[in-house]
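Data first, discussion second: the structure below is written as structure tokens.
The values are calculated or read from the model by the stated rules, or taken from the named source; none is laboratory data. The structure presented is a predicted model; accordingly, all values stated were derived computationally and were not measured. As a convention, Cβ positions derive from the backbone with ideal geometry for all residues, glycine included, and neighbour counts pool all protein chains shown. Quick note on the areas: whole protein, heavy atoms, side chains included, nothing else; ligands and nucleic acids left out. Shrake-Rupley method; radii C 1.70, N 1.55, O 1.52, S 1.80 Å.
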Amino acid sequence: MALSAKMLDFATRSSWIRKMFEEGARMKAQYGAENVYDFSLGNPDLPPPPQYLAAMTEVLAEEKPGVHGYMPNPGYPAVRKAVAAQIAKEQKVTVEETEMLMTCGAAGGLNVVMKALLDPGDEVVILAPFFVEYNFYIDNHGGVAKIVNTAADFSLDLAGIEAALSPKTKAIIINSPNNPTGQIYAREELDRLGELLGAAGRKFGTVIYLVADEPYRKIVYDGQEVPSIFQASNNAILVSSYSKDLSLAGERIGYIAVHPEVTDKMLLLGAMALANRILGFVNAPALMQRVVARLQGVTVDNAIYARRREAFCRVLSEAGYEFEPPKGAFYMFPKSPLADDAKFCGLLQEQKILAVPGRGFGMPGYFRLAFCVEDAVIERSAGAFRRAMAAAKS
Ligand SMILES: Cc1ncc(COP(=O)(O)O)c(C=O)c1O
């Protein structure tokens with residue numbers, strides 16, 4: 001076999017969402033798009049806010065010598081200044097432009113952080129259910145993922161996390177609002193996590209970084225707030241992007257920021273700037289950096305996601321599904337009525353509903369539904385969800 005055996009194995013492990021996506025395309029061709037309820041993909045379907053086009057037009061008018069040239073690997077200083085000011089507002093901690101860097105989305109940012117932190121065999125704790133790519137990002141840089149389940153309500157299992165820490169632990173990655181559960185970790189949970197990581201680091205004579213992946217920070221419901229990670233730990237590293245809150249997922253624009261008192265700050269920032277370069281990103285897309293700098297504090301119309309969330313909660317409750325209503329992001333993560341979540345997703349598929357089995361996120365017994373779809377798809381799917389539940393019970 002000419003190909004890497006590891007990559008072939010990864011391709012199998014990462015295939016659930018892709019498999020459902022391909023199945024959806026096949027079913028839409030066969031039955032007509034309006035007759036298929038495709039909740040498989042978290043690809044934001046809302047248009048970017050109107051300010052986006054105005055910002056883009058302004059940026060395009062700025063054509064001048066050197067504007068397409070190389071730049072410092074962390075990004076344009078003026079862009080970093082604008083983004084740092086917004087991060088400081090959200091995190092309630094001062095953040096200077098020198099304490100952050102622009103990246104190719106949150107995915108690029110997470111790879112940069114892992115590259116900067118990990119030596120072969122170092123461990124990174126991730127929490128199930130997880131964004132499946134974390135496993136690959138950790139492995140990309142020689143690390144080993146240590147999986148800890150969240151509690152039954154998807155809050156942090158602090159005792160479980162503590163038990164998973166070892167002298168080899170370099171970091172924990174948390175994601176709030178969460179994909180796939182939609183849950184937001186509370187202030188007290190984050191504070192206790194920060195304390196326990198600090199205590200473990202002191203016990204082992206190491207530093208354990210708290211990496212917060214927050215691309216859904218601004219997509220929240222019922223007035224929820226996402227607590228500041230920088231207030232929970234001095235060793236926090238924030239990774240985020242504009243993929244979801246400005247619906248710019250394909251443009252690959254995001255950032256990393258560190259707490260102003262993070263351990264080994266200058267070394268860490270230097271290592272991350274180098275990682276941005278040598279991973280081949282070199283720098284975040286130039287045009288998009290200049291666009292997002294003008295869009296600080298702007299977000300897609302959350303009221304649309306809020307309306308869909310309400311409709312989906314109603315449809316699922318009326319059909320008898322058990323779930324925690326999401327507090328943020330655009331996913332539902334109901335309990336599968338069958339212990340075998342893949343089998344139940346098969347029953348959903350017979351009703352032309354596409355969902356991703358929980359095992360694709362490291363948590364069998366559940367399934368994920370993404371509501372980046374028009375309201376009408378959710379409304380029309382009600383009968384199909386009821387029939388799938390009846391089939392599971394028969
Ligand atoms: C939890 C989580 N983290 C990171 C990412 C990657 O985001 P980006 O498109 O900004 O790289 C996603 C994308 O779906 C995600 O759901």
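Summary of computed values
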item: Cα gyration tensor shape for the stretch 71-159, rounded if a/c is under 1.5, else prolate or oblate; result: oblate
item: For the chain: relative contact order, % (alpha-carbon pairs under 8 angstrom, 6 or more apart); result: 23
item: Förster radius 35 Å - calculated FRET efficiency between Ala391 and Glu22, Cβ distance, rounded to 0.05; result: 0.90
item: Distance in nm between pseudo-label sites at Gln296 and Gln224 (7 Å out along the Cβ direction from Cα); result: 2.7
item: Distance (nanometres) between label positions extended 7 Å along Cα→Cβ at Ala78 and Ala29; result: 4.8
item: Cα-based Rg of the chain normalised by 2.2 N^0.38 Å, two decimals; result: 0.99
item: Degrees, to the nearest 10: 265-278 long Cα axis against longest axis of the chain; result: 70
item: Nearest-ten-degree value, helix 50-60 long axis tilted from longest Cα axis of the chain; result: 40
item: Modelled FRET efficiency - R0 45 Å, Arg380 with Ile147, Cβ distances, 0.05 increments; result: 0.75
item: Two-site label geometry, His68 and Leu267: point separation in nm, points 7 Å out along Cα→Cβ; result: 4.1
item: Rounded percent of accessible protein surface that carbon and sulfur make up, the chain, 1.4 Å probe; result: 54
item: Within-11-Å neighbourhood charge of Ser228 [Cβ basis; K, R +1; D, E -1]; result: 0
item: Cut-off 11 Å between beta-carbons: net charge of the residues surrounding Pro357, Lys and Arg +1, Asp and Glu -1; result: +2
item: Solvent-accessible heavy-atom area per residue, rounded to whole Å², over the chain at 1.4 Å; result: 42
